[in-house]
Each structure stands twice: as structure tokens, then as C-alpha cells.
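> First the structure, then my questions, so here it is.
The values are calculated or read from the model by the stated rules, or taken from the named source; none is laboratory data. Bear in mind that the values here come from a model prediction, so they are computed numbers and not experimental data. Don't worry about glycine lacking a Cβ; one is built from the backbone with ideal geometry, like all the others, and counts go over all protein chains shown. Quick note on the areas: whole protein, heavy atoms, side chains included, nothing else; ligands and nucleic acids left out. Shrake-Rupley method; radii C 1.70, N 1.55, O 1.52, S 1.80 Å.
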Amino acid sequence: MSARPADRSPRNRRRRDADRRFGVRLFASAAVAAVAAVFFGLLLVLVESGWGPLRHLDAGAARWLNRTALDHPAWTGTLRLLSEGVWDPFTLRVAVALLTLWLVYRRAWRLAAWSAVTAGAGGLTGLLVKTVVERARPSLQDPVAHAPGFSFPSGHAMTAVTSFGILLLVLLPMVRRGLRPVCWAVAAVSVVGVGFTRIALGVHWFSDVVGGWTLGLAVVALTGWSFEAWRADAGLGRTEVAEEGLEPELSGDAPESPDAEPGSPGRVGEDTGEGPEG
């Protein structure tokens, strides 16, 4: 009796069905994030226009940090270097693009799609909300920096959340378990640092930065849920995302292979604390 062709096996049919549902969920999550961003932006504009404490907080933080920047030119130069170089959205997007190409090279097709869609959804959502809200940037008597476009939400803050979220959730399986908290700490410091530089340079209000952080987190959470749902449908099981990233099998030789078992190649060094060899 001859064996059935591999592409007709129940396991492969299940994978194909899971792939189709994954695509629908992935783009639906991106759409939900965009719609939520619009309503969040409109709500925040209403709150900002009528709620005194928020206006006072925004104005007070802007004035205090602007005075500090004027008194410390060297400090301001460092902030500009970080904001417009190291943490610039273009720099972070290039890093994510290179990561996505590497995933394609590794044949981690679904993870590459998740990375590209998450980054794209974050950028489009931020642009959409800026266009709808049309909030003016801070206008200071002695500005130390200038930026074009509207203010809410902070594109730098939002890109930092989505980009570091992508980098972390993809690359955690490649990092030794003992160093993973360090990676989370570096990402958190960078995200907070991005927001601080934008307020300190006087190009964003405090609420702009909080809005960027919130919307970026929503995008990553929604698309991450889609990826986890695909893993469940494909029989790969859910992962401890904070510890193992979205796809622990990435550290193995054949991520997303039809023959890969849940966690078998990706959990190298789980019990010993050692990372993948090579």
C-alpha cells in the first residue's frame, strides 16, 4: 500500500487551514488597532481640550524641560543625537526590515509576515491618528529643536514600542535565558528614553508620548495575539511570550517546518540556561 502524498496528509491540511486563518486574523488585528487608534485619538483630543489638569501637565513639563535644555547645551546635543540618530524611526525601521529579511532567509515565513505587518500597521496607524487629530506641536519661546507635522501621537514613541517589541519577540529564543531580562530592560529604557527626548526637545507634549506608547503597545499586542492563535490552530501550542518570544523553534535548524514539534528545537538550553549552539 503506497503512502499518501505529503501535501495530502491531515497534518499538512491542518497547517494550510491554520495559515489561512492566521492571515485573516493578522490583518483583522491591524484593522482593529487602526480603528481603536482613531477613536482613542479623538477621545484624547476632547479630553485635552476640556480637561485642565492635562493641559497644565503638558505645559508644565514642556516649560521645565525647555528651561533645562537651554541651560545645558551639551545635554541637549546628546538628546538630539539619541532622538535623531540612535532612536530615530528610520533607524529602527531599518533594523526591523533587516530582521524581516533574515526571517525570510531562515524560511520563517509567518514570523516574517508578522514582523512586516506589525511594523507597517504601527506606521499607518500613527499617520492616520495624526491626520485625524491635527494637534499642534508645542510652541516655546526659545525652542531647541523643531519637527514637522502634527503632534499626537508621537511617531518616535510609537515606532520605538513597535520596533523594540518586534525585535524582542522575534529574537528572544536566540538569547541565553539568563540574559533575556537584560534585553527587556534595554528595550524598556530605550522606549522611555525616546519619549523623554521628544518632550525634552520641546517637539511633543507629554500626552503625545503616552499616546504613542499606548497605541504602539496595542498594535503589537493585537498582531501578537494573531500569531499565537495561528500556533494554537497549527498544533504548536502557546508559548511563554515574555520568556521565549513568539516562536521558540526559531533557534532550531528548520523553524515552521511541517516536521517540527512544538518547542523541540527552540527550547535549547531551557533547563541548563545555555543558549543555542553555533
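> Within the stretch 218-235, whose backbone N sits under 20 Å from a point 7 Å along Cα→Cβ of GLU243?
225, 228-229, 231-232
> What do you reckon, how do HIS146, HIS204 stack up by accessible area (1.4 Å probe), largest on top? Can you show the working numbers first?
Numbers: HIS146 155, HIS204 5 Å².
Of HIS146, HIS204, the descending order of accessible area is HIS146, HIS204.
> Also, quick follow-up: How far, in nm, would the chain grow between VAL186 and ALA221 when pulled straight, counting 0.36 nm per residue and subtracting the alpha carbon separation?
Values: separation 35, 0.36 × 35 = 12.60 nm, distance 1.94 nm.
Here the answer is 10.7 nm.
> Under the rule a/c < 1.5 gives rounded, and otherwise a/b versus b/c splits prolate from oblate, where does the stretch 141-205 land using the Cα gyration tensor? Before the final figure, lay out the partial values.
Working: a/c = 4.79, a/b = 2.54, b/c = 1.88.
Prolate, because a/c is 1.5 or more and a/b exceeds b/c.
> Order the following by accessible area, largest value first: THR214, THR100. Probe radius 1.4 Å; ligands, DNA and RNA are ignored. Can you show the working numbers first?
Values: THR214 65, THR100 20 Å².
Largest to smallest exposure gives the sequence THR214, THR100.
> If you rank SER251, SER226 by how much accessible surface each has, with a 1.4 Å probe, what is the order from largest down? Intermediate values should be presented prior to the final figure.
Values: SER251 20, SER226 0 Å².
Accessible-area ranking of SER251, SER226, largest first: SER251, SER226.
> Right, here's the next one. When the Cα centres of the stretch 195-215 and the stretch 90-147 are compared, how far apart do they sit, in Å?
After rounding, the separation between the Cα centres reads 15 Å.
> Now, a different point. Provide, as a two-decimal number, the C-alpha radius of gyration of the stretch 88-233 over 2.2 N^0.38 Å, N being how many residues it has. Spell out each step's value before the answer.
Details: Rg = 16.2 Å, N = 146, 2.2 N^0.38 = 14.6 Å.
Ratio of Cα Rg to 2.2 N^0.38 Å: 1.11.
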